[in-house]
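First up is the structure itself, then whatever we jot down about it.
The values are calculated or read from the model by the stated rules, or taken from the named source; none is laboratory data. Predicted model only: the values in this text are computed from it and were never measured. Neighbour counts are summed over all protein chains in view; Cβ atoms, including those assigned to glycine, are modelled from backbone coordinates with ideal geometry.
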Amino acid sequence: MERTPKGSPEGKTLRAAVSLLLWSERIVFFAIGILLFGAAAALLKQSASILYDMFFSGGSPIVFGSHFLDVILLVLMVVELAYTVLLSLRGSVLMAEPFLIVGLIAVIRRILVITVGEVGPTGSTVSASAIELGILTGVVVVFVVSIFILRRRPQREGQFSAPERPE
């Protein structure tokens, strides 16, 4: 394949097309970030409502508590995804760690749902739940080991590191 000279009209057109695509990508990531933070805010409002109901409606604390925890963990997942989009907007390379963290939170959510289901009035079989809990526990271990390995791995030259999160 022949390369076009830098000053040629084809080279300028190609650079303009690439630049347009890069800006389009940034606009899409920006819109996704706004939507994710909006979803996180709506979920936080929902969790506050659930927490209020838990204390003042007189319902079952187990039901309200599990629902509250489910929504809060969903907020954490959405915020972690939004953080990943923010990293992408800052021009850093896409990293695997935020996705592993989202997966870890999702697995923990599922474990909590199964555990609360065992306490609640549903009639699921214990053996099926125990098998699923065992598999999910294995997935948690794999995610944690993966995150540990990624954090211990030396940075390659030219690779951007994630900015520190504000405490």
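Kindly provide the set of residues from segment 9-61 that are of a type in the set (Gly, Ala, Ser), assigned to a helix (DSSP H, G or I) and either farther than 16 Å from VAL71 by Cβ or in contact with a Phe, Trp or Tyr (Cβ under 7 Å, 6 or more places away or on another chain) (or both), ordered by number.
GLY11, ALA16, ALA17, SER19, SER24, ALA31, GLY33, SER47
Give me the residue from segment 115-150 that is in contact with a helix residue (DSSP H, G or I) (Cβ under 8 Å, 6 or more places away or on another chain) and of a type in the set (Gly, Ala, Ser) and, out of that set, modelled with the highest pLDDT.
SER146
Rundown of residues vs (1) among the polar types (S, T, N, Q); (2) without any contact (Cβ under 8 Å) to a residue 12 or more places away in the chain, yes/no style:
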site: PRO61; (1), (2): no, yes
site: VAL71; (1), (2): no, no
site: VAL79; (1), (2): no, no
site: TYR83; (1), (2): no, no
site: SER88; (1), (2): yes, no
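When you look at LEU76, is it buried (at least 16 other Cβ atoms within 10 Å of the Cβ) and under 27 Å from ALA128 (Cβ atoms), yes or no?
Criteria not met by LEU76.
State yes or no: is LEU112 more than 11 Å from the chain's Cα centre (by Cα), crowded, with 16+ Cβ neighbours inside 10 Å and modelled with pLDDT of 75 or more?
No, not satisfied.
Name the residue, out of SER60, SER8, SER49, that is surrounded by 11 or more Cβ atoms within 10 Å (Cβ to Cβ), at pLDDT 90 or above and not hydrophobic (A, V, I, L, M, F, W, C).
SER49
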